[in-house]
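Notes to accompany the following structure.
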Amino acid sequence: MLPYFAVMSLATIFVLLEDKLDTPRSPLHSVGVGALWLTLVTIFVGARFEVGGDWFAYDQRIDRLRGVDAASILSWDPAYDLLNWLAANLLDANVVFVNLICAAILAAGLIAFCRSLPRPSLALQLAFPYLIFVVGMGYTRQATAIGLIMLSLVAIPTSKTLRPLILLTLAA
């Protein structure tokens, strides 16, 4: 329980810092602070061990894909199965590697989305109890899709139609 409390406390400190600064920009807009949060959320969510409702099912899933022909995996969930297949067959990795990749996508989407809001640090802090702790650590594929959706939402005002559509297609 202590790691959860520590990371939420750190997020709360950033909210308080955001209130005290006399600048319109949040600390989260800094490249260093953004990279720190990206790394922290990725490791916190992705490096979990036997945490989440999907842990054992996904651990078995990656083991079943070892030695399987790549063409046979592209059925129900092609992107996630391809990532698992690559991890199992080319990298000899386990489900933690897959979770780290998926957590990085969630974290990138979350940080980008929070940066687009008026109070980025507050948005990030509010995301911890449910989006990160429950969804991110309990539903890997859905959390990855949410990260891609957040990236597409951020891309809408700044890009043409193609980038958000590609991100939404990947999320689906």
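For every residue, the table says whether it meets (1) over 24 Å from V31 (Cα atoms); (2) among the β-branched types (V, I, T); (3) in contact with a Lys or Arg (Cβ under 9 Å, 6 or more places away or on another chain).
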| position | (1), (2), (3) |
| --- | --- |
| W76 | yes, no, no |
| L90 | yes, no, no |
| R115 | no, no, no |
| P118 | no, no, no |
| A127 | no, no, no |
| Y130 | yes, no, no |
| I146 | no, yes, no |
| A171 | yes, no, no |
**Item:** Selection count, segment 128-169, where residues are among the basic types (K, R) and assigned to a helix (DSSP H, G or I)
**Value:** 2
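Among the helices (runs of 4 or more DSSP H) lying completely within segment 15-127, list those that include at least 2 residues that are touching a helix residue (DSSP H, G or I) at 6+ places or on another chain (Cβ under 6 Å) and of a type in the set (S, T, Y).
Details: elements: 31-46, 55-64, 78-85, 95-115, 120-127.
Filter on segment 15-127 gives an empty set.
This table checks each residue for (1) in contact (Cβ under 8 Å) with a residue 12 or more places away in the chain; (2) closer than 16 Å to T42 by Cβ; (3) out of contact with any Ser or Thr (no Cβ under 9 Å at 6 or more places or on another chain); (4) basic (K, R).
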position	(1), (2), (3), (4)
Q60	no, no, yes, no
R64	no, no, yes, yes
D92	no, no, yes, no
G109	yes, yes, no, no
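I'm trying to understand the selection: among the residues of segment 119-147, which are over 20 Å from M1 (Cβ atoms) and in contact (Cβ under 8 Å) with a residue 40 or more places away in the chain? Even if it seems obvious, please write down each step before you answer.
Taking segment 119-147 and keeping what is over 20 Å from M1 (Cβ atoms), we get 119-124, 139-147.
Result: R119, P120, S121, L122, L124, Y139, T140, R141, A143, T144, I146, G147.
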**Prompt:** Restricting attention to segment 12-26, does a residue exist that is open to solvent by less than 20 Å² (accessible area, probe 1.4 Å), at pLDDT below 90 and more than 15 Å from A143 (Cα to Cα)?
**Reply:** yes
**Request:** Can you confirm whether segment 112-126 contains a residue that is under 18 Å from I43 (Cα atoms), aliphatic (A, V, I, L, M), within 17 Å of the chain's Cα centre (by Cα) and modelled with pLDDT of 90 or more?
**Result:** yes
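Okay, residues lined up against (1) touching a residue at least 24 places away in the same chain (Cβ under 8 Å); (2) under 16 Å from the mean Cα position of the chain (by Cα):
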position: P27; (1), (2): yes, no
position: G34; (1), (2): yes, yes
position: L38; (1), (2): yes, yes
position: R48; (1), (2): yes, yes
position: G53; (1), (2): yes, no
position: I73; (1), (2): no, no
**Item:** Positions within segment 139-165 being open to solvent by less than 10 Å² (accessible area, probe 1.4 Å), small (G, A, S) and closer than 21 Å to W55 by Cα, in sequence order
**Value:** A143, G147
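So which of L91, L110, L38 is open to solvent by 70 Å² or more (accessible area, probe 1.4 Å) and either in contact with a Cys (Cβ under 9 Å, 6 or more places away or on another chain) or of a type in the set (A, V, I, L, M) (or both)? Break it down stepwise before answering.
Working: L110 fails: open to solvent by 70 Å² or more (accessible area, probe 1.4 Å); L38 fails: open to solvent by 70 Å² or more (accessible area, probe 1.4 Å).
Within the list L91, L110, L38, the selection yields L91.
The values are calculated or read from the model by the stated rules, or taken from the named source; none is laboratory data. Small disclaimer: the values here were computed from a predicted structure and weren't measured. Ideal geometry is used to build each Cβ from the backbone, glycine not excepted, and the neighbour counts take in all protein chains shown. The accessibility values were calculated without ligands, DNA or RNA, using every heavy atom of the protein model including side chains. Shrake-Rupley method; radii C 1.70, N 1.55, O 1.52, S 1.80 Å.
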